[in-house]
1. Do we find that Q277 is in a strand (DSSP E or B), at pLDDT below 90, more than 19 Å from L291 (Cβ to Cβ) and polar (S, T, N, Q) in this structure?
2. Do we have any residue at all in the range 13-28 that's surrounded by 14 or more Cβ atoms within 10 Å (Cβ to Cβ) and modelled with pLDDT of 55 or more?
3. Evaluate the range 91-110: report whether one residue or more is of a type in the set (S, T, N, Q), touching a Lys or Arg at 6+ places or on another chain (Cβ under 6 Å) and surrounded by 18 or more Cβ atoms within 10 Å (Cβ to Cβ).
4. Surrounded by fewer than 20 Cβ atoms within 10 Å (Cβ to Cβ) and modelled with pLDDT of 55 or more: does that describe R34?
5. For D329, indicate whether it is over 26 Å from V99 (Cα atoms), surrounded by fewer than 22 Cβ atoms within 10 Å (Cβ to Cβ) and at pLDDT below 95.
6. Scan the range 126-143 residue by residue and report those that are closer than 14 Å to V170 by Cβ, more than 19 Å from the chain's Cα centre (by Cα) and not acidic (D, E).
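The values are calculated or read from the model by the stated rules, or taken from the named source; none is laboratory data. Being a predicted model, the structure only gives us computed values, none of them experimental. FYI the Cβ positions are ideal-geometry reconstructions off the backbone, even for glycines, and counts take in every protein chain you see.
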Amino acid sequence: MSSRSSLLTRIVNQVLGVGRNGHGARGRPAHPPRNDAELIDLLIRQNRYALVLRRDQADVIPHDATLEAWRVLEESMALIPGGVIPIVAQDGSNQLMEVPAFYLDRYAVTNAQYAIFVDEGCYEKLDLWPQEVWEALTTRFLDQSGQPGPAFWNRGRYPPGKENHPVVGVCWYEACAYAQWVGKRLPTAAEWQKASGFPDQLGRGGQGTRYPWGDIFAAGKANLAQAGIGETVPVNEFKAGTTRNGIYQLCGNVWEWLDEPLEMIHKHPDEQFLTLQPMRRIVGGAYDTYLIHEATNTFVTGQPELDRRPNIGFRCAVFLDQIRSQITD
């Protein structure tokens, strides 16, 4: 078998979501694409274009497919330049941190996108999940009907009419599994702060803003409690609150999981509370967030890793140096 075929075969196993019994979701037989072109097209249609653009696959992906994957990436993600920025640490102190260049999703992951992950049987793909949550896959990570999926879905389906709303009711592990499946990861706190407080002067020490649009809160730019909506909205709403490079809802709509543990909760300079169970940071505020300072990009808070709440979703990131160089026609 050629190196190209061998590599693509490994990708096939990821694409199909093959589970414990060798079948896809709901016991359906897994039918592989008939050729490389169909496989690559499937990856792109499943929002898994980052796998197509992996630097270590540059010699096995055809030119036309690479162009299409790049088109989808630039439509779906925004480039955040690297640099050194001042960040707020968990203990409330200010620190300088180097942030390598990366891409960040323009939108939170939607119900429709997450449904592909569910339908492909990925709750049965043990290689996407750490062993400590294998039992939870069949006892805890279930929807209202007892099928695998987000907590507020029913019979493997999201609420009608909410295909373009952010997926919620997923814990940190579910967010990580989806990110891995699409060839990405969750962003870090420093990356979030850099993306949502895009500094006026890039480079060393560039000071960012408190909100994606600036330092002054504006109620009409984010789906927080002040908006009076009281629930999630589609991920492409509140355009007035986007970053200058076109990232939506880094403030409001839903809190978002980060790939960062929360070891202490800082309230005041002399008050620090150690967490009693494994927690991960969440950022951005949600439709039910009343205190506007909680929606700033420097606010430190979190939730237990296994929490599946109606106001927490996620988006994905990928390092620039993991993506092959852009090519032209």
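1. no
2. no
3. Checking the range 91-110: not a single residue is of a type in the set (S, T, N, Q), touching a Lys or Arg at 6+ places or on another chain (Cβ under 6 Å) and surrounded by 18 or more Cβ atoms within 10 Å (Cβ to Cβ).
4. Criteria met by R34.
5. It is true that D329 is over 26 Å from V99 (Cα atoms), surrounded by fewer than 22 Cβ atoms within 10 Å (Cβ to Cβ) and at pLDDT below 95.
6. V133, A136, L137, R140, L142
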